[in-house]
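To start, the structure itself, in structure tokens.
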Amino acid sequence: MLVIVLIFVVGLTPAIVSAWMSVRADRNEKCGSTAVPTALGQSMAKLLDNNSDLHYVDGMGYMIGDITCDLNARSPYLRCAMNPMGPCDGCSAYAPKVFDRQV
């Protein structure tokens with residue numbers, strides 16, 4: 001009998017913990033608790049302040065490196081496959097995009 005009760009307790013524990021955490025999160029949201037988003041916002045601001053080569057492009061987000069280069073990875077973590085860590089200035093693989101003028 002004790003084994004059966006133990007199996008039920010172990011089986012129902014994750015569901016009870018999940019329901020409790022969900023109710024707690026809903027209660028914190030209704031109360032206006034913003035501790036987590038504030039901490040995330042501060043860490044993102046610190047990341048952006050430390051990296052002067054990070055640029056924001058509308059519709060694409062943050063990107064690192066020269067965005068006019070054809071080989072740019074368009075990522076906030078990686079410049080390109082040819083020169084992932086180094087600066088774009090003076091790169092031998094720099095390939096600027098060619099834009100057609102419409103007259």
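Read-outs: derived from the displayed coordinates by stated rules, not from any lab. Keep in mind it's a predicted model, so treat the numbers as computed, not measured. Cβ sites come from the backbone with ideal geometry, for glycine too, and all protein chains shown count toward neighbours.
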So for R0 = 22 Å, FRET eff. of V98-I67 from the Cβ-Cβ r, to 0.05, ends up at 0.90
When the chain is fully extended, how far beyond the present Cα-Cα distance does C31 get from H55, taking 0.36 nm per residue of separation?
5.1 nm
Starting with the fewest neighbours, write out C88, C31, C80 ranked by other beta-carbon atoms found within 10 Å of each beta-carbon.
C31, C88, C80
Vicinal HN-Hα couplings computed from phi for region 66-73 (Karplus, 6.51 cos²θ - 1.76 cosθ + 1.60; Hz; Gly/Pro x)
7, 6, 7, 6, 5, 8, 5, 7
Please work out the Cα center distance from region 9-33 to region 58-102, rounded to the nearest Å.
45
With labels modelled as points extended 7 Å from the Cα through the Cβ direction, what inter-label distance (nm, one decimal) is found for M1 paired with W20?
2.7
Quick one: which residues, 5 or more positions from A73 or on another chain, have an amide H under 5 Å from its amide H? H modelled 1.01 Å from N in the peptide plane, none for Pro or chain starts.
C80
Using a 10 Å cut-off around each Cβ, can you sort L12, L2, L71 from fewest to most neighbouring Cβ atoms?
L2, L12, L71
I'd like the Karplus ³J(HN,Hα) series for region 13-23: coefficients 6.51, -1.76, 1.60, θ = phi - 60°, whole numbers in Hz, and an x wherever there's a Gly or Pro.
4, x, 5, 5, 5, 5, 5, 5, 5, 5, 5
